1. If you average the sequence gap of Cα pairs under 8 Å that are 6 or more apart and divide by the length of the stretch 17-143, what percent do you get for the contact order?
2. Please state the shape class of the stretch 172-283: rounded when a/c is under 1.5, otherwise prolate if a/b exceeds b/c and oblate if not, all from the C-alpha gyration tensor.
3. 5 Å is the cut-off here: which amide hydrogens, built 1.01 Å from N in the peptide plane, fall below it relative to Leu320, excluding neighbours closer than 5 in sequence?
4. Return the aspartates and glutamates within reach of Lys355: Cα separation strictly under 20 angstrom, same-chain partners fewer than 8 residues apart disregarded; answer none if there are no such residues.
5. I need the phi-derived Karplus couplings for the stretch 251-258: 6.51 cos²θ - 1.76 cosθ + 1.60, θ = phi - 60°, integer Hz, Gly and Pro marked x.
6. What are the ³J(HN,Hα) couplings of the stretch 104-112, residue after residue, when phi is run through the Karplus curve with 6.51, -1.76, 1.60 and θ = phi - 60°? Round to Hz, x for glycine and proline.
7. Under the rule of -39500 (n - 2.57) per DSSP H run of 4 or more residues, summed and divided by the residues of the chain, what mean residue ellipticity at 222 nm is obtained, to the nearest 500 deg cm²/dmol?
8. Order these by the 10 Å Cβ neighbour count, fewest first: Ser372, Ser401, Ser124.
Amino acid sequence: MRKLWIDGRFADSSTGATIQVVDPATEEPVDVVPKGGPADLDRAVAAAKRTFPAWKRTPAWTRAEMLVEVGRRLRAAREEFALTLTRETGRTLRKNRGYVDWAAMCFDYYAGLIRDRRGRVIPSAQTGQLNLVIKEPIGVVGCIVPFNYPLMLLAWKVAPALAAGNTVVIKPATQTPLLTLDLHRVFDHLPKGAVNIVTGPGSEVGDALVRHPDVPCIAFTGSTAVGQHIYRLGAERIKKLHLELGGSDAAIVCADADLDAAARAVAWTAFLNAGQVCTSAERIYVEQAVHAEFLERFADLTGRLVIGPGIDETTEVTPLIGRAERDQVEARVTVARREGAKVVAGGRRPSHLTKGWFYEPTVLADVRHGMSLLKEEIFGPVAPVLPFRTFDEALALANDSPYGLGATLYTRDARRVRRYFEEIEAGNVWVNDPLVDNPAGPFGGMKMSGLGRELGEEGLEEFQVTKHVHWDIEGSVKPWWFPLEK
Ligand code: NAP
C-alpha cells in the first residue's frame with residue numbers, strides 16, 4: 001500500500017484507516033491508500049515549516065536546477081505515471097502521457113522564470129539612496145487539488161510555490177490520490193520537508209490545512225462551494241488565497257465562422273474528459289442563420305464519438321469519475337427534458353458498456369436561457385445549444401452567469417473579436433481555438449470562478465510577498481525631519 005510522504009519519509013496514517021480507489025471505467029478497486037487525519041497534517045505542516053528558512057535561503061539557481069530535475073524525472077516515468085492516472089481518473093492513456101509532459105514543462109518553466117525574476121530597482125527621490133522592490137516567499141503553502149487533473153493542477157501550484165522558495169503540503173482529491181502519492185519519487189532529491197503529501201477527506205484534512213495557523217497561503221482548485229468555505233476560513237487569519245473555482249463557459253458561434261471547425265472544436269471542449277473540465281463549453285450560443293446547420297453537424301459528430309475505457313487507445317469519451325457524478329448528470333438532463341429541452345444526440349448510458357460510470361455525450365436543443373441546467377456548472381458531457389440573433393444579444397447571454405472562467409468565440413470578423421475580448425467577462429478568452437493553455441499565459445477566473453492566476457509570471461507572484469526597501473546609504477540627518485510637523 002502507498003504511504004503518506006512527510007518530512008522526506010514514508011509515513012503511516014495516524015487514523016489507521018484506508019480509502020479505496022476505484023477505476024471509473026470498470027468499477028473495480030484499484031488500490032487502497034492511507035486515510036490521513038489532522039494529526040498527519042500537523043506533522044506535515046511542522047516539517048514544511050522547519051524546512052522553509054533553509055529552502056528560502058537556497059540560491060534561486062540551485063532551486064531551479066532541482067525543479068529541472070523534477071521535470072526530468074516526470075518525463076522518465078511518463079508511461080508508468082500515465083497508466084496510474086488512467087486507472088484513477090478514467091482518462092485515456094494518450095491524454096495522460098500529455099499531462100505528464102505538461103507537468104514537466106511547468107517545472108521547467110518556473111525554473112527558468114525564477115532564475116530571472118527577483119524584483120526591481122525603482123528610482124529614488126534623493127541621491128545616495130536605493131529603493132528596491134523585492135519578492136520573497138510566503139512560507140508553507142497548502143495545495144488542494146481536485147480530481148479532474150490530479151497531476152497538472154498540482155504542478156501549476158507546486159512548481160511556482162517551490163520556485164519562489166516556499167515549502168508545500170499537498171492534499172489530493174480522495175478519488176484520485178494514487179499518482180500524487182507516487183510523486184515522492186520526483187521530489188526526493190529536494191530537502192526533507194520541502195514537499196509533503198497527505199491524503200484524506202477534504203472536510204477533515206483539507207479543512208485542517210486551511211485552518212492551520214502555520215500555513216499562510218492556500219492554493220485551491222475545486223468547486224465554487226468549497227472555495228467559498230475556504231474564503232470564509234481564510235478570512236480568520238487574512239491568509240493569502242488563490243482560488244480556482246467552477247465555471248459555466250459560453251461558446252459563441254457566429255454565422256461567418258468555419259462551421260465544420262466550430263462543430264469539432266465545440267465537441268472537443270464539451271466532451272473532453274467527459275465534460276469534467278472547468279473550462280468545458282456548457283452554453284453554446286449559435287447565430288440564428290446557421291443554428292440549424294450547426295446543430296445538425298454537431299449532433300452528427302457527437303453521435304459518432306467512441307465511448308469507452310481510457311485504457312483503449314481508440315476511446316474518445318471516457319467515464320465520469322463516480323457513480324454519484326454520473327447519476328447527477330443524468331438527473332439534470334431529465335429535468336432539462338421536463339423543462340422542454342430536446343435530446344438530439346446521446347441522452348442515456350451507453351448500452352454496450354455494462355460496467356463503468358459512462359454517460360453518452362449529449363446535445364440538447366430547444367433550450368431556453370432561463371432553464372435550471374444553464375444556471376449551475378454541469379461538469380458532465382452535456383452540451384446545450386441555443387440560438388442568438390445579434391452579437392449584442394450573444395454577449396449579453398454569455399455574460400449573464402455568476403461564473404467567469406473561460407469563453408470562446410468562433411468568427412473571422414476582427415471587429416467582433418475586438419469587442420469580444422474587451423467585453424466578455426472571463427479570465428481565459430479563446431478565439432477559434434479553445435482550451436489552449438500556455439505555461440506563460442496566466443489562467444484563472446472572474447466573478448464566482450475565483451481569485452488569482454495560475455501559470456505565467458502572475459502564477460509565480462501568487463506565491464510571493466512584495467517588500468519595498470528604502471535604503472539611505474549614508475544614514476545622515478535629513479533636513480525634513482526637524483522641526484516636526486512644520
Ligand atoms: P471539490 O469537491 O471542491 O474538491 C476539490 C478539493 O477540495 C479536493 O481535494 C477535496 O477533497 C477538497 N475539499 C473538499 N472539502 C474541503 C474543505 N472543507 N476544506 C478543504 N478542502 C476541501 O471539487 P472536485 O469535485 O474535486 O472538482 C471539480 C470542481 O473543480 C469543479 O467545480 C471544477 O470546475 C473545479 N475546477 C476548477 C478549475 C479552475 O482552474 N478554475 C480547474 C479544475 C477544476 P476530497 O476529494 O477529499 O473531498
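None of the figures in this text is laboratory data; all of them are computed from the coordinates on show. Just so you know, these numbers come straight off a predicted model, no measurement behind them. Cβ: placed from backbone, ideal geometry, glycine included. Neighbour counts: every protein chain shown.
1. Working: 122 pairs, mean separation 30.2, N = 127.
Here the relative contact order equals 24 percent.
2. Details: a/c = 2.91, a/b = 1.80, b/c = 1.62.
Prolate.
3. Trp357, Phe358, Tyr359
4. Reachable aspartates and glutamates: Asp23, Glu27, Glu28, Asp31, Glu88, Asp312, Glu313, Glu316, Glu325, Asp327, Glu330.
5. Those phi angles translate into 10, 10, 10, 8, 5, 8, 6, 6 Hz.
6. 4, 4, 5, 5, 4, 4, 6, 4, x
7. Numbers: 16 runs with 183 residues, N = 486.
Computed ellipticity for the chain at 222 nm equals -11500 deg cm²/dmol.
8. Numbers: Ser372 11, Ser401 24, Ser124 15.
With the sparsest Cβ surroundings first, the list reads Ser372, Ser124, Ser401.
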